[in-house]
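A short reminder: the numbers here are calculations on the coordinates, not readings from a lab. No experiment lies behind these values; they were computed from the predicted model shown. Here Cβ is always computed from backbone atoms with ideal geometry, including for glycine, and neighbour counts include all displayed protein chains.
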Amino acid sequence: MEPSKNSAAKSLPLIVRWLPALQWLRGYELGWLRGDGVAGITLAAYLLPAAIGDASLAGLPPEAGLYACLFSGLAFWLFCSSRHTAVTVTSAISLLLGSTLGGLADGDVARFGALASGTALLVALIAFVAWLVKAGAIVRFISEGVMVGFKCGVALFLASTQLPKLCGFHGAAHGDFWANGAHFFGHLKEANPASLGVGAAALLLLMLGKLFLKNKPVAWLVVAGSIVVSSLLGLEARGVASLGVVPSGLPYVGLPDIHVTDLNTLLPLAFACFLLGAVETAAIGRMFSSMHGGRLDANQEFVALAAANLAAGLGRGYPVSGGLSQSVVNEDGGARTPLSGVIASGLILAVLLFFSHLLHALPQPVVAAVVLVAVADLFKLSALKQLWRGDRSEFVVALAALLGVLGTGLLRGVLIGAVISLVQMIRRASRPHVALLGRIPGTRRFSDRERHPDNESIPGVLIFRPESDLVYFNVDHVCDQILERTRAEATPPKLVMLDLSASPYVDMQSAHTLAGLADELAASGIRVQAVEGHASVRDRLRSDGVDARLGKLNRVVSLADAVEAFTNSAHQNRNDSPAV
């Protein structure tokens, strides 16, 4: 028996790492239960109308959003490393799903739902593979500029799809923002006064609640009130469309009815949903870890996303991720642990089992108002202005993503922004800054003469510092910069120094290219000496046999030492020269 006890004790840390819930459950304090309970109730009140609205946004029946929140919430808490992140369906993913799957389903509601659930299962698989290969850094490849532009585009596109519902007439079928806008203004005369009045009232109440009752379940109160008003006043008879039948009970849990050939078609959509979910979930986790202390494990969040999407897909839901507004509501409600998410899921389960019939009378204009207000924060003009003032290249990326979303759809829009962002990153990496250094007055330190014109130049010496790794696609640019500045000197220098302190890596091609630069300058009577090389750089230059042509780097001689040695040598040579 003793060996098995030891084995269990040794495996416990591995289990805790797989299931972070075990770690905080072991230290759970009874006093936390009140905060988790209140937060769970508040979160459920926020999730219910938002899930219904987002399901409408995805083109799915309302229960699909509820199923997704229910099953994902029961799985996510076991694996997440963030104590405050709430998993949910989101407007961005819902809109992406609806705009992409609409053409594939060809009007078949059952097939549409199956494809959506299949997408969630693929997202789960991608997230699990990302965890296996420890790809936590992948979320950083979608730049902030892409996300700002994408969210702004989503907000505008969303408005174009929801405004017809708010006014009581049908919107355009699967059109882009411009087609939707033209359809809305072309059919505005068909607006139903009762629908418009109900929608405008709901919109006003939600906006007032957002201003004066922040992070309170105002949406739930508006939804509940609209159901009562609709039933009492008979709004359906006045032409106000209602939500319709929401099936009670739980769905059949199992694999969706899709073909193997569908998986290849769904893969790009699933990867886009995964990227959006991973970026959003990691951003939320980082925000709360900075507020409450601790460190977010981005790789662990991949496991949580995989579990949540697996549960959502098997439970007839669709892809989920961490939701920013939901997580803020959860944290503001007093959540201490992820148990609040479990409580919220339990309340959604109770609604599905016993109270779903009450949702029948929910007016569609109210759902449209909930969606519009819930995602109003997606359009951040201040973020665009900040990018314009601080980083024009990122502003271009954001604008490309925004226009891409409006003109070509969500999936292509985010891909356009991501590709432009990567191209800009590669361009910057291929053209690193090469600083021309001068001595800081009164010191033995050196810095960029362009930034600090008062730095002292050293007679007979030009000192260059490439500020990046030196690899095959940027070394020619570095050498061209050095040659261009050297040849521009009125009096050719006798020595060119390469400060490699800002180049932690040099590949084989770059080593030989630097040696070729030294040979080219030597033919003009200019010696090249490299200094301050990292250990790996010195090893590379020696192994490739080019160390001697670059002045034989060593770990003892600093840039200041080399400059001082050259200055002393030049002074000695002048003193030793015979007078004429």
Using label points projected 7 Å from each Cα along Cα→Cβ, tell me how many nm separate Met207 and Ser248, to one decimal. 3.8
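For n ≥ 4 DSSP H runs only, could you compute -39500 (n - 2.57) per run for the chain, divide by its residues and tell me the 222 nm figure to the nearest 500? It would help to have the intermediate numbers written out before the result.
Numbers: 22 runs with 363 residues, N = 580.
Using -39500 (n - 2.57) per qualifying helix, the result is -21000 deg cm²/dmol.
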Could you compute the net charge surrounding His512? Neighbours are other residues with a C-beta less than 14 Å from the C-beta of His512; K and R count +1, D and E count -1. -3
Using only Cα atoms and rounding to the nearest 10 degrees, what angle (0 to 90) does helix 508-522 make with the longest principal axis of the chain? 30
Of 353-364, 258-269, ordering from highest average Cβ density within 10 Å down gives 353-364, 258-269
Got a sec? Which residues in the stretch 56-83 would a label at Asn299 touch, if it sits 7 Å along Cα→Cβ and we count backbone N under 15 Å? 81
Determine, for Phe185, Phe271, the number of other Cβ atoms within 10 Å of each Cβ, and report the residues in order from fewest to most. Phe185, Phe271
Residues Phe446, Phe566, Phe71, sorted so that the one with the fewest Cβ neighbours within 10 Å comes first: Phe566, Phe446, Phe71
Return a whole-number percent for the relative contact order of the stretch 38-423, with Cα pairs under 8 Å and 6 or more residues apart as the contact set. 40
In 10 Å bins starting at zero, report the fraction of Cα pairs in the stretch 38-423 per bin as a rounded %. 5, 24, 36, 26, 8, 1
Can you pull the one-decimal nm distance between simple spin-label points at Glu484 and Ala283, each 7 Å off the Cα toward Cβ? 3.7
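Take peptides 386-398, 35-47 and line them up by average Cβ neighbours within 10 Å, highest first, as a rough protection proxy.
Sorting 386-398, 35-47 by mean packing, highest first, produces 35-47, 386-398.
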May I ask for the angle, rounded to the nearest 10°, between helix 218-233 and the longest principal axis of the chain, with both axes built from Cα atoms and the value confined to 0 to 90°? 30
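Averaging sequence separations of C-alpha pairs under 8 Å and six or more residues apart, then dividing by the length of the stretch 434-570, give the relative contact order as a whole percent.
Details: 228 pairs, mean separation 28.5, N = 137.
Across the stretch 434-570, relative contact order equals 21 percent.
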With labels modelled as points extended 7 Å from the Cα through the Cβ direction, what inter-label distance (nm, one decimal) is found for Asp476 paired with Glu190? 5.9
If you count, for each residue, the other Cβ atoms within 10 Å and average over each peptide, how do 335-342, 558-565 line up from highest to lowest? 335-342, 558-565
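A 31 angstrom limit on the alpha carbon distance is what I want to check against. Which of Lys165/Lys380; Lys189/Lys216; Lys189/Lys214 exceed it? It would help to have the intermediate numbers written out before the result.
On the way: Lys165/Lys380 24 Å; Lys189/Lys216 36 Å; Lys189/Lys214 35 Å.
Pairs exceeding the cut-off: Lys189/Lys216; Lys189/Lys214.
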Rounded FRET efficiency, nearest 0.05, which uses the C-beta distance separating Gln572 from His292 and R0 of 41 Å: 0.05
Cα long-axis angle, helix 144-167 against the chain (0 to 90 degrees, to the nearest 10): 20
Assertion target for Ser501, Ser242, Ser94, Ser382, ordered by fewest C-beta neighbours within 10 angstrom first, is Ser382, Ser501, Ser242, Ser94
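How much length, in nm to one decimal, is gained on full extension between Leu255 and Thr491, taken as 0.36 nm per residue of separation minus their Cα-Cα distance?
Working it through step by step, the gained length comes to 77.3 nm.
Stretched out fully, how many nm does the piece from Ala560 to Lys134 gain, at 0.36 nm a residue minus the Cα gap?
That pair, Ala560 and Lys134, stretches by 149.1 nm at full extension.
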